[in-house]
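Take a look at the structure below.
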Amino acid sequence: MGKLKLGVAGVAALALATACGGGQAPSQEQATTTLTLQTNWTSGGTESVPLKKALADFTAKTGIQVKVLENGDDLNQVYETALLAGQEADVLLVGLLEKQLDWVKNGAVVPTEEYVQAWGLGEAIPAESLADWKDAEGHLRGLPYAGFTWPWWYNKTLFDKHGIALPQTTEDLFAATKKLRAQGVGGVAIGGNDWSGQKVFMQYLETYLDAPSAKKVFAEGGTCASPDAMKGIELFVRTREAGVFVDGVEGLTADQATALYQEGRAAIAPIGSWSFSSMDEALAKGTVLGGMPVAAGGTYAKPNAFRGSTSAGWWISPNGKKKIDTVKKLIQYMYSPEVLDHMATDGGVVMATNTTVDPAKLGSPLLRQSYTTFSKSVDFAVMPDLYVPADVGNPLYRATSIAYTKGNDARKICAAVDEVYRAAQ
């Protein structure tokens, strides 16, 4: 089994953490009555409300205290540093992407496949979610909990104001954004300089690929050598050159792109379900969730969008393995039907579990739409994150930003993408 690697900065942080931590092991009583949970669900998110309530109720029922560490986007570095000191959290609630893809392989966490049936979770977790969380060796990295959808948002209020129909095909999209531009409204807003732009680029890249071929390209690269991948990149270039994306898209972040949509300066934006609850209610009510318009001769008969089960899952650390009976109690409680229902209805979480949700109970108009009309109006494309190697993800953000810069042709773009894969080998 491979060992976790840490750079110079991480070693320095480890030394500081060890010095400050005192190195004292918890007593046996503490080990069985306390757990530490590390998560990137922060207090500012709607999902934090039902999470904290559930943990408080769990403590009231069992007497087991759960200390929560909120780390946001730097959770990876904080966890790995603590792990090398033997002071890592017992359990984690975080998504499956980038470094986490290799955590089981590197020994950063323990595989969880043995616990699904043993802990009575088989009915709560669908087979497709379990499949998403398995690695190449068949190990279950974590226990799937929260998922997501990633629609294209259409501001129907703006479209109606200017007498423009919502686009269903690529040619419709070209025509609609040209008319919007004439009225001073931008077309598609996306973070062309970060992860969000990378995902939409990949969405275009797989336009003419079947699912197995898309998975292979995402996992191995070789876009320049794939005629169908090149057709997708060429479609992207044609879309960019037609002015479909907002001006300056190559320099935008996801937050900036979302702001353009919120301000009515862009009529379309691919935004994930994690933003449903924070959207202005009037804007939400005037938004129609859909997908990337249909390309002639493409793989998908309907507009396509992303969805997945990897937004958050329960991971067990080596320290947690030592307290496995206590961890078992927490996990079983968090998968109880009552808690799952509260996560969906009160937290606005798209669950990766077998949770029946009454749309009438959902406060967010967009979340209600996600559970009703949206899923019937689109096809779901292959989500890249499950197949793009862990050491390719971040460099690929920079490479795909080239795609959003006008003047770069399909050959230059595919070469930049393939170089990232070669460098990671």
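Nothing in this text is a laboratory measurement; each read-out follows from the coordinates by a stated rule. Source: prediction; values computed, not measured. Glycine also receives a Cβ, built like all others from the backbone with ideal geometry; neighbour counts cover every protein chain displayed.
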>> For the chain, take the longest principal axis of its alpha carbons; what is the angle in degrees between that and the long axis of helix 8-21, to the nearest 10 within 0 to 90?
In response: 40 degrees
>> If I compute Rg and Dmax of the Cα atoms in Å from the structure I just sent, which labelled value in [x] 22.3, 70; [y] 24.7, 83; [z] 28.2, 100 lines up?
In response: [x]
> Can you sort Met230, Met292 so the residue with the fewest Cβ neighbours within 10 Å comes first?
Replying inline: Met230, Met292
>> Ignoring GluC sites (Glu not before Pro) that are buried or in helix or strand per DSSP, and keeping those with at most 15 other beta carbon atoms within 10 Å, what is the longest stretch of the chain between them?
In response: 264-425
> Over what distance in Å are the Cα centres of the stretch 140-195 and the stretch 88-133 separated?
Replying inline: 33 Å
> At Glu220 and Ser375, where each label point lies 7 Å from the Cα along Cα→Cβ, what is the point-to-point distance in nanometres?
Replying inline: 3.4 nm
> Amide H to amide H under 5 Å from Trp314: which residues, 5+ apart in sequence or cross-chain, H placed 1.01 Å off N in plane?
Replying inline: Leu143, Tyr145
> Short version: ³J(HN,Hα) in whole Hz for each residue of the stretch 120-136, in order, from phi by Karplus 6.51 cos²θ - 1.76 cosθ + 1.60 (θ = phi - 60°), x for Gly and Pro, what are they?
Replying inline: x, 9, x, 7, 7, 10, x, 4, 5, 5, 4, 4, 5, 8, 8, 8, 5
> Taking only the alpha-carbon positions of the stretch 201-334 and ignoring solvent, what does the Debye formula give for the base-10 log of I(q)/I(0) at q = 0.13, 0.14, 0.16 Å⁻¹?
Replying inline: -0.78, -0.85, -0.97
> In deg cm²/dmol, rounded to 500, what helix-only [θ] at 222 nm does the chain give when every DSSP H run of at least 4 residues adds -39500 (n - 2.57) and the total is split over its residues?
Replying inline: -12500 deg cm²/dmol
>> Amide H of Asn304 versus every other amide H placed in the peptide plane: which residues, excluding those fewer than 5 positions away on the same chain, fall under 5 Å?
In response: Met292, Asp379
> Pairing the Cα long axis of helix 170-182 with the longest principal axis of the chain, what angle in degrees results, from 0 to 90 and rounded to the nearest 10?
Replying inline: 80 degrees
> What FRET efficiency would be calculated for the residue pair Arg238, Ala131, taking the C-beta separation as r and a Förster radius of 45 Å, to the nearest 0.05?
Replying inline: 0.80
> Alpha carbon centre of the stretch 335-374 versus the stretch 41-64: separation in Å?
Replying inline: 17 Å
> So for the pair Ala60, Gln425, with labels modelled 7 Å out along Cα→Cβ, what separation do we get in nm?
Replying inline: 5.9 nm
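Counting only trypsin sites (Lys or Arg not before Pro) that are in a DSSP loop and have at most 12 other C-beta atoms within 10 Å, tell me the longest site-free stretch of the chain. Please list the in-between numbers first.
Values: sites that count: Lys3, Lys5, Lys406.
Maximal segment without exposed cleavage sites: 6-405.
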